[in-house]
1. Got a number for the accessible area of Met19? Probe 1.4 Å, square angstrom, nearest 10.
2. Once the piece of chain linking Ser33 and Ser10 is laid out straight, how much longer is it, given 0.36 nm per residue of separation minus the C-alpha distance between them?
Amino acid sequence: MQTPCIHVCSIDPATGLCMGCGRTLPEIGGWMSFSDEERRQLMAVLPARLAAGRLAIPPQPTMQVTAEQRA
């Protein structure tokens with residue numbers, strides 16, 4: 001049985017999606033009971049979910065080193 005799980009299991013509190021596979025907790029829990037067609041349909045939308053979720057993550061601040069810190 002095909003699965004989208006990549007063993008990066010962490011739910012993003014902002015989106016409710018797993019940051020590894022893009023599924024919700026109910027989708028993860030129900031995966032084994034879904035029909036082949038239900039799993040195919042979900043697999044088809046996961047790439048777009050992940051892409052949209054990554055766009056929603058704010059960029060991390062970059063560390064700027066001042067002249068005083070370099071001295």
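1. Probe radius 1.4 Å; accessible area of Met19 about 90 Å².
2. Length gained between Ser33 and Ser10: 6.1 nm.
The values are calculated or read from the model by the stated rules, or taken from the named source; none is laboratory data. All values derive from a computational prediction rather than experimental measurement. Remember, those area values only see protein heavy atoms, side chains included, never the ligands or the DNA or RNA. Shrake-Rupley method; radii C 1.70, N 1.55, O 1.52, S 1.80 Å.
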